[in-house]
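Down below is the structure, laid out as structure tokens.
The values are calculated or read from the model by the stated rules, or taken from the named source; none is laboratory data. All of these numbers come straight from a predicted model, not from anything done at the bench. So basically every Cβ, Gly included, is an ideal-geometry build from the backbone, and we count neighbours across all protein chains shown.
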Amino acid sequence: MNKTKRIISFILIVSLAFILSACHKKRPLSLFNVPETFDESKEYYITFWAKNDSNVTQKQIYEDAIATFNTYYPNIHVSLVSYTDYSKIYNDIITNISTNTTPNVCITYPDHVATYKTGENIIIPLDNLINDSKYGLGGSSVKFDSPTKDEMVTKFVDECKLGDGQTYALPFMRSTEALYINKDYVEELGYTIPDVVTWDFIFEVADKAIEENDKYNKAQKEADPNNYKENKIIPIIYKSTDNMMIQMVAQKGYDYSTIDGDILLFSDENMEILMDIAPHAKNKAFSTFKISSYPGNTFNRGKCLFGIDSTAGSTWMGGNAPLQDIPESERANFETVVRPVPQYDTTDIKMISQGPSLCLFNKEDEGEVMASWLFMEYLLTNDVQIPYSETEGYIPVTTKAQNSIIYQEYLNSGSLDSLTHYQVKIDATKMLLENIDNTFVTPAFNGSVSLRDAAGQLIEEVTRNAKKVNKDYIKNTIYPKVISLYRIGKSGKAKFTTLPKETIILFVIFGLTWAGIITYITIDQVKKYKINKREKK
């Protein structure tokens, strides 16, 4: 029995050590206050977590920015950590919050920040830093040409305010979604593309395309059945169905959520939107990225009339797009035109505002926070804003950059080369600049990430199950499934429910450990029982 006790004790000690190390938290951070001065004689080492979509040019811009910033502040050393997925940054930060090992600055979204904010003093409200006369935006002690507060696009800054009215992030770049249209194909079907396209228009044209394509396939099969090969098209492909649902709800004037996190998505009104989509999904006129892959691939082959994707994805859209995944031999030759996303009311355009922002994490050393703030501020200068916005269909978040001679020359230089001045990208960028006042964002709160995912999943479910869809099916099958999947209710609060991977691993190991202990004890007791039984005989 002594041996058994020693083994059990060892296992328990190892388990306890793992639990303590995994669950250990540093003491809560103090509320950050802007210091009177910044000590430039002290060396600071800060980390910047950024997303660059595997775009080597974007990564190089970050690296150049770090190098140039270091010439202004040689005592601040910035380490760049590159990601290709916003959700990976989000999950890693959630994991690191418990041990105060977050980065100093990161690329983020207000939805994500709302969750980070639930940690005590983890995220720094930026209003005092922004307004500080010495080190704030355009501050007198800042060594580089920082934009002033008035030179930030107010609408974009306001997007980074949360429910308490404080600013918890600053915009870095902004984009929206665009409707990319195969003009040749649409005109071949007998239609003229309006300046503002409606949902009725694209669904009508898409249904017509399916009808004509079916006629073509039937004629080809009858003419040469032995060599017949079906011509497959997908007239409409939407990349981000969460944005699709959110925009359609907003355009209709229906409800999505409140700023306090009340969930209003699963309503009878919003069911009407899903019912409108179903027939076009049923006849294969409409599909999504999750079902039919990236819209650019089908669009660039000339097999899609309407590809809806971010303006940041504009360099991937069009038969001669500089960035695309299909062989040159498969690319179609057609004219691509750009319009705002489809609308219900052409006199009241509503389109999503998206794109990365920057947030600042609290640390024990206020000097380290100030060093991080100065670097974050440098990312808003023309030296970074203009070259980064030129990599894709982003726009700068400062009027200082937007109105600069260099940026205006860029906007008027379409088709000079294949990437920086790709005409479709320039058109998408101009479209957003003309519609800044028509953009909107949804309320950001702890759980709003899950609600966005749920909005997109509604459209995915309707599209995959279009043959079954009616109001009863949506109400009794799709709504409950999505509510359960994202752990949210028809009303009430959405809650952050995803556990960090380390915590999940901990629970698994802890469970397996106890299962092992119980199994070992059981086997040991069975052996002893058998031995005692034999000895009695």
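Residues are listed down the side, and each one gets a yes or a no for (1) of a type in the set (A, V, I, L, M); (2) in contact (Cβ under 8 Å) with a residue 60 or more places away in the chain:
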position: Ala67; (1), (2): yes, no
position: Thr71; (1), (2): no, no
position: Pro74; (1), (2): no, no
position: Val78; (1), (2): yes, yes
position: Tyr90; (1), (2): no, yes
position: Ile94; (1), (2): yes, yes
position: Ile97; (1), (2): yes, no
position: Thr102; (1), (2): no, yes
position: Val105; (1), (2): yes, yes
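Give me a count of the residues in region 281-314 that are of a type in the set (A, V, I, L, M, F, W, C), in contact with a helix residue (DSSP H, G or I) (Cβ under 8 Å, 6 or more places away or on another chain) and either modelled with pLDDT under 95 or within 23 Å of Gly190 (Cα to Cα) (or both).
Step one: list which residues in region 281-314 are of a type in the set (A, V, I, L, M, F, W, C), which gives 281, 285-286, 289, 291, 299, 304-306, 308, 312.
From the residues that got through so far, the ones that are in contact with a helix residue (DSSP H, G or I) (Cβ under 8 Å, 6 or more places away or on another chain) too are 281, 285-286, 289, 291, 304-306, 308.
Subsequent filtering for residues that are either modelled with pLDDT under 95 or within 23 Å of Gly190 (Cα to Cα) (or both) retains 281, 285-286, 304-306, 308.
Qualifying residue count for the region: 7.
Considering region 41-59, and only residues there that are at pLDDT 95 or above and not small (Gly, Ala, Ser), the residue that is nearest to Thr315 (Cα to Cα) turns out to be Trp49.
Which one is surrounded by the most Cβ atoms within 10 Å (Cβ to Cβ), of the residues in region 59-80 that are assigned to a helix (DSSP H, G or I) and among the β-branched types (Val, Ile, Thr)?
As a first pass, look at region 59-80 and keep what is assigned to a helix (DSSP H, G or I): 59-72.
In the following step, the residues that additionally are among the β-branched types (Val, Ile, Thr) were identified as 61, 66, 68, 71.
Details: Ile61: 22, Ile66: 18, Thr68: 14, Thr71: 9.
In this case the residue turns out to be Ile61.
Annotation: of all residues in region 159-174 being part of a loop (DSSP other than H, G, I, E, B) and touching a residue at least 24 places away in the same chain (Cβ under 8 Å), the one that is nearest to Gly355 (Cα to Cα) is Phe172. The set of residues from region 281-295 being among the charged types (D, E, K, R) and within 15 Å of Leu458 (Cβ to Cβ) comprises just one member, Lys290.
Would you confirm whether any residue within region 38-56 is in a helix (DSSP H, G or I) and either without any contact (Cβ under 8 Å) to a residue 12 or more places away in the chain or surrounded by 15 or more Cβ atoms within 10 Å (Cβ to Cβ) (or both)?
To start, the set of residues in region 38-56 that are in a helix (DSSP H, G or I) comprises 56.
The next check asks that each one be either without any contact (Cβ under 8 Å) to a residue 12 or more places away in the chain or surrounded by 15 or more Cβ atoms within 10 Å (Cβ to Cβ) (or both); those that pass are 56.
Yes; the residues of region 38-56 include at least one that is in a helix (DSSP H, G or I) and either without any contact (Cβ under 8 Å) to a residue 12 or more places away in the chain or surrounded by 15 or more Cβ atoms within 10 Å (Cβ to Cβ) (or both).
Being surrounded by 16 or more Cβ atoms within 10 Å (Cβ to Cβ), under 26 Å from the mean Cα position of the chain (by Cα) and within 20 Å of Val186 (Cβ to Cβ) is a description that applies to Met317.
Residue pairs whose Cβ atoms lie under 8 Å apart, sitting 6 or more positions apart in sequence or on different chains, and linking a residue in region 466-481 that is assigned to a loop (DSSP other than H, G, I, E, B) to a partner that is surrounded by fewer than 16 Cβ atoms within 10 Å (Cβ to Cβ) and not hydroxyl-bearing (Ser, Thr, Tyr), are Ala466/Pro279; Val469/Met275; Asn470/Met275.
From the list Gly253, Gly296, exactly one residue is small (Gly, Ala, Ser), touching a strand residue (DSSP E or B) at 6+ places or on another chain (Cβ under 8 Å) and in the same structural domain as Lys471 (by TED's automatic domain parsing). Which is it?
Numbers: Gly253 fails: touching a strand residue (DSSP E or B) at 6+ places or on another chain (Cβ under 8 Å).
After ruling out the rest, the residue left standing is Gly296.
Table: residues versus (1) charged (D, E, K, R); (2) under 19 Å from the mean Cα position of the chain (by Cα); (3) surrounded by fewer than 23 Cβ atoms within 10 Å (Cβ to Cβ); (4) assigned to a loop (DSSP other than H, G, I, E, B).
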| position | (1), (2), (3), (4) |
| --- | --- |
| Ile386 | no, no, yes, no |
| Gly393 | no, yes, no, yes |
| Ala401 | no, no, no, no |
| Asn446 | no, yes, yes, yes |
| Leu458 | no, yes, no, no |
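Out of Ile505, Ile531, Ile436, Ile478, I need the residue that is over 30 Å from Ala278 (Cβ atoms) and either at pLDDT 95 or above or in the same structural domain as Ala114 (by TED's automatic domain parsing) (or both). Which one? First the steps, then the outcome.
Numbers: Ile505 fails: either at pLDDT 95 or above or in the same structural domain as Ala114 (by TED's automatic domain parsing) (or both); Ile531 fails: either at pLDDT 95 or above or in the same structural domain as Ala114 (by TED's automatic domain parsing) (or both); Ile478 fails: over 30 Å from Ala278 (Cβ atoms).
Every option except Ile436 fails the conditions.
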